[in-house]
Amino acid sequence: MTHLTIPRPDDWHLHLRDGAMLEGIAPESARHFARAIIMPNLVPPVVTGAQAAAYRERIRAVTGDSFTPLMTLYLTEETDPADVVAAHRDGIITSVKLYPAGATTNSASGVTNFDRVRPVLEAMAEAGIPLCCHGEVTDHDIDIFDREAVFIDRVLDPIRRATPGLRVVMEHITTADAVAYVQSQTENLGATITTHHLVINRNHILVGGIKPHYYCLPVAKRESHRLALVQAATSGDARFFLGTDSAPHTDDAKENACGCAGCFTATNTMSILAHVFEAEGALDKLEGFASRNGPAFYHLPVNDATITLEKTDSPVTYSAKIETSAGPITVFDPGFPLHWRVV
Ligand code: NCD
Ligand code: ZN
């Protein structure tokens, strides 16, 4: 196969930031993606419907109409269920984001006591509003490589049992445990998989010198987990779909004694995915993963427009960095030549 035409893909987990960074990087997503679920972890976070509406306008001012930002609210212990339901009813938000407090970048206002958000979760179940979960516990005694698996047992499964109608997306899954949990459930659960977790394992971060541009959260795990993710993404199982978690930080914030977590993959994601799916003999499954399974979960139409990927003899090159007025941002390097380009 040398050409692949699929409905225009969507990104079901994306960080666009704000201000100069937003201006510099939003076009990288809008070039290939029609819609994206926009993460609310700004400083300060997007916690009310009014803030989400204002942020949506700032994004649209950069991308124009060809790109649709699907907004999320950042769940806190003070979140008002009525505000969430009204923002959803008015078409301002698509989902609500749960960050365990302290789990990742700008998550300090996240949830510590999950009982305190029960009324919001119940209202969301009632109104059909999905919950996007950053699935890691933050307990100091839990090893960072185990935090996702422990989250499933201690937080996610109890929440889902207590609120059976709640539709949940386990975001940026990184373990075979998460794949198995999703596969074991019959309804109301989906999972996003990032581009970079299909490509790197923890050796890429740590062997031969520390590679800050491969550091993200949840941190990449051992190779057997990466293989489970590739298997899930390329299987055709509609519960798994693309959420790049493209999360830009300027180079000075990444290449730092306390470097920020996040890989920036918006620019070259489609080329990388085509490579990964082709290597598995599963190019025919890319359409489901990138263009169909996400809309099905979110009860949204598949995009009418299409994009075409073309196989090239000479490697496709992307800029190594995106220059923004906030500073340079390094584009994720998959570590292998790319031979699929978006026409
Ligand atoms: C994200 C960020 O930088 O906002 N970082 C990351 O490593 N993925 C936060 C997140 O999604 O965890
Ligand atoms: Zn993220």
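The values are calculated or read from the model by the stated rules, or taken from the named source; none is laboratory data. Keep in mind that this is a model prediction, so the values were computed, not measured. Using ideal geometry, Cβ is built from the backbone for each residue, glycine included, and neighbour counts are taken over all protein chains shown. We work out accessible area using only protein heavy atoms, side chains counted, and drop any ligands, DNA or RNA first. Shrake-Rupley method; radii C 1.70, N 1.55, O 1.52, S 1.80 Å.
Per-structure values
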{"read-out": "For His339, distant residues with modelled amide H under 5 Å away", "value": "Val316"}
{"read-out": "Cα-based convex hull volume of the range 1-140 per residue, rounded to whole Å³", "value": "140"}
{"read-out": "Computed FRET value (nearest 0.05) for Asp304 with Ser66, which takes r as the C-beta separation and R₀ as 22 Å", "value": "0.95"}
{"read-out": "Calculated from backbone phi, Karplus (6.51, -1.76, 1.60) coupling profile of the range 248-264 in Hz, x at Gly/Pro", "value": "x, 9, 5, 4, 5, 7, 7, 8, 8, 4, 10, x, 6, 8, x, 10, 9"}
{"read-out": "Separation of the Cys258 and Ala50 label points, Cα + 7 Å toward Cβ, nm", "value": "3.3"}
{"read-out": "Residue-normalised accessible area of the chain, expressed per residue, 1.4 Å probe, Å²", "value": "39"}
{"read-out": "Cα centre as origin, Lys/Arg/Asp/Glu Cβ charges: the chain dipole, Debye", "value": "320"}
{"read-out": "Virtual spin-label span in nm between Ser314 and Ile210, 7 Å along Cα→Cβ", "value": "3.9"}
{"read-out": "Evaluated over the chain, the Cα radius of gyration and Dmax, each in Å", "value": "18.6, 56"}
{"read-out": "Neighbour cut-off at most 12 other Cβ (10 Å), DSSP loop, GluC sites (Glu not before Pro), the range 159-251", "value": "Glu187"}
{"read-out": "Taking all pairs of distinct alpha-carbon atoms in the range 162-280, Kirkwood radius in angstrom", "value": "15.1"}
{"read-out": "Percent of Cα-Cα distances greater than 19 Å, calculated over the range 203-259", "value": "43"}
{"read-out": "Carbon plus sulfur fraction of accessible area for the chain, probe 1.4 Å, in percent", "value": "51"}
{"read-out": "Packing rank of 112-124, 39-51, where each peptide gets the mean count of other beta carbons within 10 Å, highest leading", "value": "39-51, 112-124"}
{"read-out": "Distance from the range 42-98 to the range 175-206 (C-alpha centre basis), Å", "value": "26"}
{"read-out": "Alpha-carbon centroid distance for the pair the range 107-173 / the range 308-326, whole angstrom", "value": "36"}
{"read-out": "Amide H partners (placed H, <5 Å) of Cys132, local residues excluded", "value": "Val96, Lys97, Leu98, Val169"}
{"read-out": "Solvent-accessible surface (1.4 angstrom probe) belonging to Glu323, in square angstrom, nearest 10", "value": "130"}
{"read-out": "Inter-site label distance for Glu77 and Ala127 at 7 Å from Cα along Cβ, in nm", "value": "2.3"}
{"read-out": "Separation of alpha-carbon centers, the range 1-29 and the range 216-252, rounded to whole Å", "value": "16"}
{"read-out": "Amide proton proximity set for Val47, modelled H, under 5 Å, gap of 5+", "value": "Tyr74"}
{"read-out": "Within the range 290-311, backbone nitrogen closer than 15 Å to the virtual label 7 Å beyond the Cα of His339 toward Cβ", "value": "310-311"}
{"read-out": "Karplus 3J(HN,Hα) series, Hz, for the range 150-159 with 6.51 cos²θ - 1.76 cosθ + 1.60 (x for Gly, Pro)", "value": "5, 4, 4, 6, 8, 10, 5, 4, x, 4"}
{"read-out": "Percent RCO, i.e. relative contact order, over the chain, from Cα pairs under 8 Å lying at least 6 residues apart", "value": "20"}
